[in-house]
Amino acid sequence: MGKVIALANQKGGVGKTTTAINLAASLSVLGKKILLVDADPQANATSGLGLDIHQPGIYDCIMGEKSAAEVIVHHHDVRKLWVLPSSIELVGADAELPTIERGHFRLKEVVDPVKADYDYIIVDCSPSLGYTTLNVMVAADTVLIPVQCEFFALEGLGKLLNTIKMVKSKLNPGLEIEGFVLTMYASTRHSNQVAAEVSEHFGELLFETIIRRNIRLSEAPSYGKPAILYDAASQGSLNYVNLAKELIDRNKQ
Ligand code: ADP
Ligand code: MG
């Protein structure tokens, strides 16, 4: 069975989408069969991988119009990567889902039938803890939390962790935290302070691999490519390959 890993943090701009795209691509280059699910109406993971955001996608699945198998697309450049695309229509889901029977379980019901087809299913969440993100947490096995090496890095994490606890106690008893990953690290005293603080707070749950600030990571999406295809030798690409290796290693244990 594939493991469903949600990339969540209700703060915007912390590196969720960058991590979703590049972790997914790196895992597939390492030989794993990957499905990237874009659960953000901004559809940045979909467009950042060079895919059309005007095709049927996650919204149609959640609303019961399509099955996952009908809308999943194979990535044109990464052999073992498939994508369940998003589109702006998903904006409506936060309001519509609560009115639907078993509204919390919609995404789980979409993803479960294809779980066995992949090694990992990586889900990119929107910067909110709304109903759609709760749906992702209900469908997920674990949550991976990107933490930006910036001022107020830990702010809001308490609320995120409480939400995970609530989902675990009420909706998805198997839900665990995959870990925390530091993003946009720069070799400054400030970045080091944040890294030390996060490490002290979360210990073993903090991934050893740190994602450094790297311009290639921000350029690559405008070419519709993961960093590993845009500039394989870049620091950003190497960091994400290492993160993928660490994730695989941790999951062996
Ligand atoms: P989120 O999905 O959490 O909102 P993004 O992944 O979209 O965050 O990142 C926010 C912005 O920062 C984007 O413009 C992205 O290209 C850029 N970015 C993310 N990670 C890095 C990095 N390690 N180095 C440089 N720029 C980055
Ligand atoms: Mg994003």
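The values are calculated or read from the model by the stated rules, or taken from the named source; none is laboratory data. Model, not experiment: these values are computed from the prediction. So basically every Cβ, Gly included, is an ideal-geometry build from the backbone, and we count neighbours across all protein chains shown. For the accessible areas, the whole protein counts, side chains as well, though only heavy atoms, and no ligand, DNA or RNA atoms are used. Shrake-Rupley method; radii C 1.70, N 1.55, O 1.52, S 1.80 Å.
Quick check on Ala140: is it of a type in the set (Gly, Ala, Ser) and modelled with pLDDT under 95?
Criteria not met by Ala140.
Residue by residue, here is whether (1) in contact with a Ser or Thr (Cβ under 7 Å, 6 or more places away or on another chain); (2) at pLDDT below 95; (3) under 20 Å from Ala227 (Cβ atoms) holds:
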| residue | (1), (2), (3) |
| --- | --- |
| Leu7 | yes, no, yes |
| Val14 | yes, no, yes |
| Leu30 | no, no, yes |
| Asp38 | yes, no, yes |
| Gly48 | yes, no, yes |
| Asp52 | no, no, no |
| Pro56 | no, no, no |
| Tyr59 | yes, no, no |
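Give Asp52, Asp40, Asp77 a once-over and let me know the one that is crowded, with 24+ Cβ neighbours inside 10 Å, in contact (Cβ under 8 Å) with a residue 12 or more places away in the chain and either on the phi > 0 side of the Ramachandran plot or in contact with a helix residue (DSSP H, G or I) (Cβ under 9 Å, 6 or more places away or on another chain) (or both).
Asp40
Run Ser169 past the list (1) more than 21 Å from Ser28 (Cα to Cα); (2) touching a residue at least 12 places away in the same chain (Cβ under 8 Å) and report the number of the one that doesn't hold.
(2)
Quick one: which helices (runs of 4 or more DSSP H) sit completely within the stretch 153-239 and have at least 3 residues that are open to solvent by less than 40 Å² (accessible area, probe 1.4 Å)?
Here the list reads 157-170, 189-202.
One residue is enough: does the stretch 33-43 have a residue meeting the conditions closer than 21 Å to Ala232 by Cβ and among the charged types (D, E, K, R)?
Checked against the condition, which is being closer than 21 Å to Ala232 by Cβ and among the charged types (D, E, K, R), the stretch 33-43 yields at least one hit.
List every residue pair whose Cβ atoms sit under 6 Å apart, with the two residues 6 or more apart in sequence or on different chains, where the first one lies in the stretch 123-147 and is within 18 Å of Phe207 (Cβ to Cβ) and the second, anywhere, is modelled with pLDDT under 95.
Every condition considered, the pairs that remain are Val147/Ala153; Val147/Val198.
Restricting attention to the stretch 80-91, which residues are touching a Leu at 6+ places or on another chain (Cβ under 9 Å) and open to solvent by 10 Å² or more (accessible area, probe 1.4 Å)?
Lys80, Trp82
Out of the residues in the stretch 14-32 that are more than 13 Å from the chain's Cα centre (by Cα) and in a loop (DSSP other than H, G, I, E, B), state the one that is farthest from ligand 1 (Cβ to nearest atom).
Result: Gly31.
Scan the stretch 214-227 and report the pairs whose first residue is touching a residue at least 24 places away in the same chain (Cβ under 8 Å) and farther than 11 Å from Ser47 by Cβ and whose second residue is among the charged types (D, E, K, R) and open to solvent by 30 Å² or more (accessible area, probe 1.4 Å), with Cβ atoms within less than 8 Å and a gap of 6+ or a chain change.
Correct list of pairs: Ala220/Asp231; Lys225/Asp77; Ala227/Arg216.
Which residues, counting only those in the stretch 116-131, are touching a helix residue (DSSP H, G or I) at 6+ places or on another chain (Cβ under 9 Å) and either away from ligand 1 (no atom under 16 Å from the Cβ) or open to solvent by less than 10 Å² (accessible area, probe 1.4 Å) (or both)?
Asp117, Asp119, Tyr120, Ile121, Ile122, Val123, Asp124, Cys125, Tyr131
Residues that are among the aromatic types (Phe, Trp, Tyr) and open to solvent by less than 40 Å² (accessible area, probe 1.4 Å): does the stretch 97-110 have at least one?
Scanning the stretch 97-110, I find no residue that is among the aromatic types (Phe, Trp, Tyr) and open to solvent by less than 40 Å² (accessible area, probe 1.4 Å), so the answer is no.
Restricted to the stretch 33-50, and to residues that are among the hydrophobic types (A, V, I, L, M, F, W, C) and closer than 22 Å to Asp119 by Cα, which residue is nearest to ligand 1 (Cβ to nearest atom)?
Among those residues, the one meeting the criterion is Ala45.
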